[in-house]
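Report on the structure given below.
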Amino acid sequence: MKFLFLIILGVFAFSTLVAQDFVIRNITVFDGDKVIENTSVQVENGIIVKIADNIKTDSEAIDGNGKFLMPALTNSHVHAFSALGLKEAARAGVLQVFDMHGMEKYQRQMQETFKDSTNYADFYFAGAAATAPGGHGTQFGFPSPTLTKVAEATAFIDERIDAGANYIKIIVEPWRETLSHYVVKELIEVAHRKNKMAVVHISKLDDAYQVLSNGADGLVHVWWDEPITNEEIEVLKSKNQFFIIPTLLTSHLALQTIRKSNPENNFMSNEEISSEVKKLYDAGIPLLVGTDPPNAQINYGTDLYKEMELFSKAGIPNIEVLKTATSNPSKYFGITDTGFIKEGFKANIILLDASPISEMKNINTINTVWKMGKPVKRN
Ligand SMILES: [Zn+2]
């Protein structure tokens, strides 16, 4: 896959006006944990200040009758090579994106430039993912540091931290040269010593099992090769607390091509991969939605709705699917000011014309997106 590098920074004017104050009345709210019927939500200076059924205020009132309010969405696995991706995300109500491998210099600029902007998603990044020379992640045409030895792990992590990385990403992908599990274990341990989370790319169950046993905080894909057993899940749960960003849409789309070029490999079917995700949900493993754009030509915005619909189709209750796109990413990536509609959180919220709790496809009915209380430009 070839990426187009359009690094456009600082050329987009964005509003720095004082946030609007308003109250949304008679609204059904999903607050990140639960649904509250027929309530009101008050926003002041870009912050949610009150959720109650009779708020007294002179602020502009928006009638929420028949509508549905929820926290803005988070895409927990992207590769955003330009601000255009952040804009596409914001338009679709995706106001936080977690980048999982890219060019640090530009990433830091994007994070700083668009922080607190209205029409662009907030950007969090791993910097350069840890991979072996010639390994997955080195084929995209931009410079990518590599390592091979346990003794190089500390310097590698220090470089990422110096570059401003919010968390550490590690790649274990045996279809190319790949890091040994000794190196991966050391990277995870060094990251933890330096108070950074370590998330890992895998495509095989055996690698997933190894890296989770070695303390990885999360996986950024689900495996494609064989089903996990309930016993294996229980052993993993007893060793470690972890989350999974399964990237079902990416897996389904990428495997359409990969199956053709690797007829000798026995990948699970799309349905089987989806049922792995349901199995993880049933076992209580936290799930987060991510779509890995621009891989498989997935976009940064509305394609996240498809991932949510795939989760729902896999049998995960819709309220739980909403958590995978809102409160779970904030909770598991340690973001304390978004992902919930609660007092003191940023008013990064979306208003829908119909409830995605009754039908997940209603996530397509987003009517208004507010970032810190300001309406996001949607066209
Ligand atoms: Zn990725």
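So, SER355, is that one over 29 Å from MET197 (Cα atoms) and open to solvent by 10 Å² or more (accessible area, probe 1.4 Å) or not?
yes
Does GLY85 count as outside the structural domain of THR28 (by TED's automatic domain parsing) and part of a loop (DSSP other than H, G, I, E, B)?
no
Taking only the stretch 101-120 into account, find how many residues are outside any helix (DSSP H, G or I) and touching a Gly at 6+ places or on another chain (Cβ under 8 Å).
Of the residues in that region, 2 qualify.
I'd like to know if the stretch 138-147 contains one or more residues that are of a type in the set (Gly, Ala, Ser), assigned to a loop (DSSP other than H, G, I, E, B) and within 16 Å of the ligand (Cβ to nearest atom).
Yes.
Only one of these conditions is not met by LYS105: (1) over 21 Å from ASN295 (Cβ atoms); (2) within 16 Å of the ligand (Cβ to nearest atom). Which number is it?
With respect to (1) over 21 Å from ASN295 (Cβ atoms); (2) within 16 Å of the ligand (Cβ to nearest atom), LYS105 is out only on (2).
In the stretch 23-35, which residues are open to solvent by less than 50 Å² (accessible area, probe 1.4 Å) and in contact with a Phe, Trp or Tyr (Cβ under 9 Å, 6 or more places away or on another chain)?
Across the stretch 23-35, the qualifying residues are ILE27, THR28, VAL29, PHE30, ASP31, GLY32.
Which helices (runs of 4 or more DSSP H) sit wholly inside the stretch 161-268 and have at least 3 residues that are within 16 Å of the ligand (Cβ to nearest atom)?
Correct list: 205-213, 248-261.
Please give the number of the condition HIS192 fails out of (1) farther than 24 Å from LEU280 by Cα; (2) open to solvent by less than 10 Å² (accessible area, probe 1.4 Å).
Going through the list (1) farther than 24 Å from LEU280 by Cα; (2) open to solvent by less than 10 Å² (accessible area, probe 1.4 Å), HIS192 breaks only (2).
Would you say MET110 is within 16 Å of the ligand (Cβ to nearest atom), in the same structural domain as VAL220 (by TED's automatic domain parsing) and either acidic (Asp, Glu) or within 27 Å of LEU187 (Cβ to Cβ) (or both)?
no
Go through (1) within 28 Å of ASN45 (Cβ to Cβ); (2) open to solvent by 30 Å² or more (accessible area, probe 1.4 Å); (3) in contact (Cβ under 8 Å) with a residue 40 or more places away in the chain for GLU177 and report which single condition fails.
Among (1) within 28 Å of ASN45 (Cβ to Cβ); (2) open to solvent by 30 Å² or more (accessible area, probe 1.4 Å); (3) in contact (Cβ under 8 Å) with a residue 40 or more places away in the chain, GLU177 violates only (1).
Restricting to helices (runs of 4 or more DSSP H) lying wholly in the stretch 288-349: which have 2 or more residues that are without any contact (Cβ under 8 Å) to a residue 60 or more places away in the chain and open to solvent by 10 Å² or more (accessible area, probe 1.4 Å)?
Counting at least 2 such residues, we get 303-313, 318-324.
For the stretch 38-55, which positions are under 18 Å from LYS346 (Cα atoms) and either open to solvent by less than 30 Å² (accessible area, probe 1.4 Å) or not in a loop (DSSP other than H, G, I, E, B) (or both)?
Quick first cut of the stretch 38-55, residues under 18 Å from LYS346 (Cα atoms) only: 40-52.
Within the stretch 38-55, SER40, VAL41, GLN42, VAL43, GLU44, GLY46, ILE47, ILE48, VAL49, LYS50, ILE51, ALA52 qualify.
Please find, within the stretch 56-91, the residue that is farthest from the ligand (Cβ to nearest atom) out of those that are under 22 Å from VAL35 (Cβ atoms) and open to solvent by less than 10 Å² (accessible area, probe 1.4 Å).
The selected residue is GLY64.
Would you check if there is a residue in the stretch 136-151 being of a type in the set (S, T, N, Q), closer than 30 Å to ASN379 by Cα, at pLDDT below 95 and open to solvent by less than 60 Å² (accessible area, probe 1.4 Å)?
Within the stretch 136-151 (the criterion being of a type in the set (S, T, N, Q), closer than 30 Å to ASN379 by Cα, at pLDDT below 95 and open to solvent by less than 60 Å² (accessible area, probe 1.4 Å)), the answer is no, since none of the residues qualifies.
Regarding the stretch 293-301, can at least one residue be identified that is farther than 26 Å from ALA198 by Cβ and away from the ligand (no atom under 15 Å from the Cβ)?
Yes, some residue in the stretch 293-301 is farther than 26 Å from ALA198 by Cβ and away from the ligand (no atom under 15 Å from the Cβ).
The values are calculated or read from the model by the stated rules, or taken from the named source; none is laboratory data. The structure displayed is predicted, hence computed values, not measured ones. Virtual Cβ from ideal backbone geometry, glycine too; neighbours counted across all protein chains shown. Surface accessibility is based on the protein's heavy atoms, side chains included, excluding ligands, DNA and RNA. Shrake-Rupley method; radii C 1.70, N 1.55, O 1.52, S 1.80 Å.
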